[in-house]
Amino acid sequence: MGVKCDEFRMSFTACYRGLAVVLFTFLFVLLAARVIKEVVFYDVSDFDAAMLVLRLAAGTGFGLVVLLPFAYALVGRCRVTVTAEGIAGRSFFGRLRRIEWADLASVKSANFLTMKYAELHAKNGKSLVVPLFLEDMAAFCAAVDSVAPPESPLIPFLEERSAGRKIA
């Protein structure tokens, strides 16, 4: 008889949306810097707003096309596995990280590129970052609730974030 193992993937939409927000923020900062440079340091009569908007639109389109394969690769690499023994996932660089339920000491909330994560810390110093925008967060929460010991800090962490609202 095999060990029950549930695997969850990161939501592509949430990942792409987070990366797009970063791209738009970067482009907005570039636009603002360009406008300030043109208006403050040069003659305003030579300022070509239409060309600036066209460059911004081209940069945005190009950036979104470039982000598409990056987001797809990121989603394909980031899987979280829940078993009766513990929880496992891969780092951004592909290294497998696993924490046994008995070793799980604390869980903290983290944000990166506008996306929410749970940082799981083990008693031995190991850590695992779990995205809180998995494709099926309800099934993930149910899997953790069914196999983790009742004293696990991950259970109240997930309950707190999913109480009455969507977790991601």
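The values are calculated or read from the model by the stated rules, or taken from the named source; none is laboratory data. It should be emphasised that the depicted structure is a prediction, and the values quoted were computed from it without experimental measurement. Because the Cβ atoms are built from the backbone with ideal geometry, glycine has one as well, and the counts that use them run over all protein chains shown.
Do we have any residue at all in the range 139-147 that's in a loop (DSSP other than H, G, I, E, B) and within 21 Å of the chain's Cα centre (by Cα)? There is no residue in the range 139-147 that is in a loop (DSSP other than H, G, I, E, B) and within 21 Å of the chain's Cα centre (by Cα). Across the range 133-159, what is the number of residues that are loosely packed, with under 13 Cβ neighbours inside 10 Å and within 10 Å of residue 107 (Cβ to Cβ)? Counting residues in the range 133-159 that are loosely packed, with under 13 Cβ neighbours inside 10 Å and within 10 Å of residue 107 (Cβ to Cβ) gives 1. Among the conditions (1) polar (S, T, N, Q); (2) at pLDDT below 90; (3) out of contact with any helix residue (DSSP H, G or I) (no Cβ under 9 Å at 6 or more places or on another chain), the only one that residue 114 does not satisfy is (3). From the list 34, 9, the lone residue that is touching a Lys or Arg at 6+ places or on another chain (Cβ under 9 Å), part of a helix (DSSP H, G or I) and modelled with pLDDT of 70 or more is 34.
The conditions of being basic (Lys, Arg), modelled with pLDDT of 75 or more and farther than 21 Å from residue 28 by Cα are met by residue 98.
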